[in-house]
Amino acid sequence: MNTPIKVLLIEDNPGDVRLIATLLADKGGLVFDFELQCADTLAAGVERLRAGGVDVVLLDLGLPESRGLDTVQRLCAHAQRMPTLVVLSGLDDEDVAVQALQSGAQDYLVKGRVDSTQLVRSIRYAMGRHLAEAALTRELERTRELAAERANLRQAEGESERLRRLVDEREQILRERGELLELLAHEVRQPLNNASAALQNASAAILGSSELMRPEIRTSLERAQHVLDHVMGTLNNTLAAATLLAVGERGTLAETDLDTLIGLVVRDIGVDERTRVTVELCSELRTAQLQPMMSLALCNLLVNALANSPSDSPVRLRVSDSENPPSLCFEVIDVGSGIAPSLQPTVFNKGTRGQNARAGTGAGLGLYIVRRVVELHRGRIELVPNAPRGTIVRICIPQGVEA
């Protein structure tokens, strides 16, 4: 059973309170549970926030004691730890929406134009963005700490050879972290805002029209969703790469249920592509010793195979056992055009992008993360032709063997 998402609704209109409660109860057909608490004044909402245990705040901009964006600013100023914030307003004004996001909100919804599915997806998106911003802040703080440590080491008199090597290693870490964080700042945060605004505008156009949904509107909405999916994928891979830089030679393994792992991997694939994925679970194991980032590595392999094979063709994920040494093997099998021989030696390097990649898309991190995750497991990775057409990417992870 899913842990309920605890939602605090700060709203003084009883009718709107009943409407939001109904929309959350319906859940838009999505698998989420919500625990709703209500406050009818800003002061009551702040007190409830200080008590803790709130995941998401739904805030009305039209409260009696505070109007407009001042409401957002006052709430953020008085809350000791601000959770995810979604603003509710009767104003369909793009300027107000942008100012609300700049003031600390993660999303902006117009009252009367929100159905159950849109509300639930907005909460999920806002929570993801809030977590991404928190991760970025932690990485920036860590970078500053490393920079300060480097400065202190350089100022030390008569530092030994060991300390000089440490400085060089830390400088390399700083350079790589700086590159990744720059990518986050310039290629993720602003596109997330743009994609959110595009979705809001398209949804408002659909819900505000008396006509049937027109194909061009549906296309615009789908395009905006694809932008969000692409940006969130870049965010996940960039944060994972930054984490892998600090893990060292071997991270922590955990007993992992294979059915749960495969389910999470498939659910992370876009809805329009998910039906192309077939799973063949041939292993006798029910659990395995794996790194938490194995799910992202498998998802990256599937996304790469889907992108580089015909849009109507299946992509298979096969899980099986191997001996000498005892290993768990994952194979991603497609019927695409295959990987060019000239690209195979570097296909798992950072920055490498395939011949089918569009200009300006992706950061070349997906298959690099696959390689690093396999290395952390002391495993091996192979590229095998899938005769007569396509590629098999096989990764084998040792089980029950001390590295």
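If you check ARG353, ARG371, which single one turns out to be farther than 20 Å from LEU281 by Cβ, among the charged types (D, E, K, R), surrounded by 11 or more Cβ atoms within 10 Å (Cβ to Cβ) and at pLDDT 85 or above? Spell out how you get there, then give the answer.
Working: ARG353 fails: at pLDDT 85 or above.
Exactly one of ARG353, ARG371 is farther than 20 Å from LEU281 by Cβ, among the charged types (D, E, K, R), surrounded by 11 or more Cβ atoms within 10 Å (Cβ to Cβ) and at pLDDT 85 or above, namely ARG371.
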* Which one of these does ILE269 not meet: (1) assigned to a helix (DSSP H, G or I); (2) buried (at least 17 other Cβ atoms within 10 Å of the Cβ)? -> (1)
* Asked: If a residue has to be assigned to a helix (DSSP H, G or I), open to solvent by 10 Å² or more (accessible area, probe 1.4 Å) and not charged (D, E, K, R) to count, how many in the range 66-108 make the cut?
  -> 11
* Which pairs have Cβ atoms under 6 Å, sit 6 or more apart or on different chains, and link a residue in the range 54-66 that is touching a residue at least 60 places away in the same chain (Cβ under 8 Å) and closer than 18 Å to ALA21 by Cα to one that is in a loop (DSSP other than H, G, I, E, B) and open to solvent by less than 10 Å² (accessible area, probe 1.4 Å)? -> ASP55/PRO83
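For the range 240-256, name all the residues that are modelled with pLDDT of 80 or more and either within 16 Å of ALA297 (Cα to Cα) or not charged (D, E, K, R) (or both).
In the first step, residues of the range 240-256 are kept if they are modelled with pLDDT of 80 or more; the result is 253-256.
Once the filter is applied, which keeps residues that are modelled with pLDDT of 80 or more and either within 16 Å of ALA297 (Cα to Cα) or not charged (D, E, K, R) (or both), the range 240-256 yields LEU253, ALA254, THR256.
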* Asked: Pick from the range 306-347 the residues that are open to solvent by 50 Å² or more (accessible area, probe 1.4 Å) and in a strand (DSSP E or B): which of them is farthest from ARG276 (Cα to Cα)?
  -> ASP321
* **Scope the range 370-384; condition in a strand (DSSP E or B) and on the phi > 0 side of the Ramachandran plot; matching residues** => none
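The values are calculated or read from the model by the stated rules, or taken from the named source; none is laboratory data. In this text the structure is predicted, and so the values were computed from the model without any measurement. As a convention, Cβ positions derive from the backbone with ideal geometry for all residues, glycine included, and neighbour counts pool all protein chains shown. The accessibility values were calculated without ligands, DNA or RNA, using every heavy atom of the protein model including side chains. Shrake-Rupley method; radii C 1.70, N 1.55, O 1.52, S 1.80 Å.
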